[in-house]
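Working notes, structure below.
No lab work stands behind these numbers, since they all come straight from the coordinates. These numbers were taken from a predicted model, which means no experiment stands behind them. No Cβ is skipped: glycine too gets one built from the backbone with ideal geometry, and neighbour counts run over all protein chains shown.
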Amino acid sequence: MKPMGPLLVSVAMQHDERKGRKDRKEPFLRCDKARFFFAVLAVFAFFGSGAPAAPRHHILFSRLAPVQTGLFLANGDGSGERALLPVTGLDYSPALSADRQWIVFTSERNGSADLFRVNLDGAGLERLTDDPAYDDQAAIAPDGKTIAFVSTRGSGRSRLCVLDVATRAVKPLTTSEGSDFRPNWSPDGQWIAFSSTRDARFEEVPGRWEHVESTGVYVVRRDGTGLRRVTPAGGFAGTPRWSPDGRRIVYYETTPVATWYAQRGDPEKGRTQIVSIDVASGAHTVHTSGDGVRLWPQLLADGRVGYLRVEPSAKDLPPTGIASNDAVLEILGADGRITRTPAAKLRSPSWSSDGRLVVYHKITTASQPHQWAKKTSKLDDFELTVTEPFPSFSPQGDKLAYSATYDGTNVFDTAIDVMKPDGSERRHVFARQGFSAFSPSWSPAGDLIAFGVGRYFRFPGHPAAEVAIMKADGSDVRFIADDGSNNGFPSWSPDGTRIVYKKDTHLVTYSVADGKTTNLTQPGSFYDNFPAWSSKDVIAFTSNRDGDFEIYTIKPDGTNLRRLTNSPGVDGHGIWSPDGDWIVFSSARMGFKDERPLLERIPQPYGELFVMRADGTQIRQLTDNQWEDATPAWMPQRNTIRSSSAHRR
């Protein structure tokens, strides 16, 4: 099927959204029926000519995600491991069919996350879904004819769908305001167990801004009827699986806040237990005890329980050290004895019912510095490229500055690098070992760079952080905000005479001529951050002054404060298009795509990129995945993005 062109996407989405936005003060789309009709005709005429839809906008951004994961098959005790397919990208979430003939898994080999299947000998690779939405967490029905899986198609949130393997027809199974995860079929093929946040809402990790949510275990018939919750309200219950006799469901259990620590492998604060429930009576059985992070449980034959236990992380690992924890597969026998596999970066085990075979994915490359790779966009008129955090183009578009990590993930130890847009002439221009050099911002003339140095993101102890200015080659560094406050995230005014930055919890402007600072927003109990000064002399920023973190705009004199977004969770990292008409930002509005403990050490795995007009209208989604997408930059129009193979020197 040919993708919808950018104009038709925009017109159609505007037409649909306008019906639900009659409360806006400004009309969402100003056109009469005739103009709408001729716009659509123009689009069809364009596509009828066979001309491709060339992207008009190029966005660079950072993504917290593993670089490579591969599928492996082994004996139930972990011996005899072999790679199922060559490891070239991201293959994950394998599921073994009941007859042990094939494996369904998720792959991003063609861009978006889609379902594939392959024989146990690695032959017969076949794509099952082909949709720009996120498809993942497949579960194969006992008869092998139907697959239940998680998808964001339609709503943008994770819901359950079922796929007819023969016809490839997909039907939605669940709908709710929450998100659904980890489906699993009953042995008779009549019921599906899954976890869901449908009765919960976002909570913040104490002292931080990241979110956690409560989840419960639910069951639903294969036709979508008979939905009911089987675990108590509150708490966190995840990854349910039916017992071989269909009488019990096993899952891991913890608290919502503990999921943050479980994600990091903390065996005490992130403690989980393996629990099973009798579906008929509701009686609970706790199978494990003591400290430890235990995930992906499965009841095997002869009363055994298999699961994955995450190894504790090293004490000095940063919170953003992605996929840094090893894990072991454990099988708990009926006699209480535990057998373990060697430690490795194993994830998502799926045993055969007799426990003789197990398939899992393994992280083979956790991180990589100086990334540059094209990524799938949900919109034809936007091209997306992953790079390092806080990329920033010079106004002339001839140079790119960014916060360079030493290992690809540790944002607590970064330098400022500058290079040409084709990837050549890359070099460090500023580094202070053990500190974050963040958020470079070019002066309008392109000869100076402002940036922050220190500790950010509510680091404990309220550490001092500074704002500095240097020449584009790294010379003549001078600190303009070194007063013991937590200063950072500077942005130049369009005339180059002022800089806006965050000072502790509010925003200030700095006069380059005389060094005078003026409060743009006032100190208070809320938190203002990430200011961005547009070419049209408007400042966008993120604030939780009304509860959740949202995007606001304000004039440089402190007047005309406007809230642009209004959604659950965090909206942040807003940046302007060069013409000042659009804002790209990161948002949590679509919620989690999977249970938090299963998502490596990614702080905000619900972060997706969106674009909107400067007045907050025409919000459109750019990315759709289980990773954290943030810190975007908008490339000046006249440049083109280099190829992904040209960046490594």
Taking Cα atoms, the helix 6-19 axis meets the longest principal axis of the chain at an angle in degrees (rounded to 10) of 80 degrees
From the Cα centre of the range 331-368 to that of the range 281-312, the distance in Å is 12 Å
Given a Förster distance of 25 Å, the FRET efficiency implied by the Cβ-Cβ spacing of residue 278 and residue 227, rounded to the nearest 0.05, works out to 0.85
Phi-derived 3J(HN,Hα) across the range 256-262 with the Karplus relation (6.51, -1.76, 1.60, θ = phi - 60°), rounded Hz, x for Gly and Pro, is x, 5, 5, 5, 4, 7, 4
Scoring only Lys, Arg, Asp and Glu (+1, +1, -1, -1) among other residues with Cβ under 14 Å from the Cβ of residue 168 yields -1
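May I ask you to compute the full-extension gain from residue 127 to residue 177, defined as 0.36 nm times their residue separation minus their alpha-carbon distance, rounded to one decimal in nm?
Values: separation 50, 0.36 × 50 = 18.00 nm, distance 2.98 nm.
Gain on extension, residue 127 to residue 177, equals 15.0 nm.
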Charge tally for neighbours of residue 274 with beta carbon under 11 Å away, counting Lys, Arg as +1 and Asp, Glu as -1, is +1
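Here is the link list: 399/555; 502/555; 399/471; 145/171. Which ones come out longer than 18 Å on Cα distance? Please list the in-between numbers first.
Details: 399/555 28 Å; 502/555 15 Å; 399/471 13 Å; 145/171 14 Å.
Over 18 Å apart, Cα to Cα: 399/555.
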For the chain, the longest principal axis of the Cα atoms and the Cα long axis of helix 33-48 enclose an angle in degrees, to the nearest 10, of 70 degrees
Residues meeting the amide H criterion for residue 564 (H placed from the backbone, H to H distance under 5 Å, 5 or more places apart or on another chain) are 551, 552, 553
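Semi-axes of the equivalent ellipsoid of the range 63-365: what are they in whole Å, largest first, if each equals the square root of 5 times a C-alpha gyration tensor eigenvalue?
Equivalent-ellipsoid dimensions as semi-axes: 25, 23, 22 Å.
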Taking the alpha-carbon centre of each part, the distance from the range 179-245 to the range 547-619 in Å is 28 Å
Once phi for every residue in the range 587-592 is put through the Karplus expression 6.51 cos²θ - 1.76 cosθ + 1.60 (θ = phi - 60°), the whole-Hz ³J(HN,Hα) values, with Gly and Pro written as x, are 9, 9, 4, 8, x, 5
The extension gain from residue 143 to residue 615, computed as 0.36 nm times the residue separation minus the Cα-Cα distance, is 164.7 nm
Per principal axis, largest first, the Cα atoms of the chain extend in Å by 78, 62, 47
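Report the local net charge at residue 110: Lys and Arg +1, Asp and Glu -1, summed over other residues whose C-beta lies under 10 Å from its C-beta. Kindly include the intermediate steps, with their values, before the conclusion.
Details: positive: 109, 127; negative: 108, 114, 130.
Within the 10 Å Cβ shell, the charges total -1.
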The answer for residue 355, listing residues at least 5 apart or on another chain whose modeled amide H is closer than 5 Å to its amide H, is 301
Applied in sequence order to the range 414-428, the curve 6.51 cos²θ - 1.76 cosθ + 1.60 (Karplus, θ = phi - 60°) yields integer Hz couplings, x standing for Gly and Pro, of 10, 10, 9, 10, 10, 8, 7, x, 8, x, 8, 6, 7, 7, 5
Here the alpha-carbon Rg of the range 419-545 over 2.2 N^0.38 Å rounds to 1.04
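Per DSSP H run of at least 4 residues, take -39500 (n - 2.57); add these up for the chain, divide by its residues and hand me the 222 nm value, nearest 500 deg cm²/dmol. Show your work: numbers first, answer last.
Working: 3 runs with 37 residues, N = 649.
That calculation yields -2000 deg cm²/dmol at 222 nm.
Within 10 Å of each candidate Cβ there may be at most 15 other Cβ atoms; applying that plus a DSSP loop requirement, which trypsin sites (Lys or Arg not before Pro) in the range 330-365 survive?
On the way: sites: 337, 340, 345, 347, 356, 362; in loops: 337, 345, 356.
In loop regions of the range 330-365 (DSSP not H, G, I, E or B), the sparsely surrounded trypsin sites (Lys or Arg not before Pro) are 337, 356.
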For residue 513 and residue 120, extending 7 Å from Cα along the Cα-Cβ vector and measuring point to point gives, in nm, a value of 7.8 nm
Sorted by chain and then number, the residues having a modelled amide H within less than 5 Å of the amide H of residue 273, at least 5 places away or on another chain, are 253
Given 4 °C, 1.567 mPa s and a Kirkwood radius over Cα pairs, the Stokes-Einstein diffusion coefficient of the range 95-195 in µm²/s is 95 µm²/s
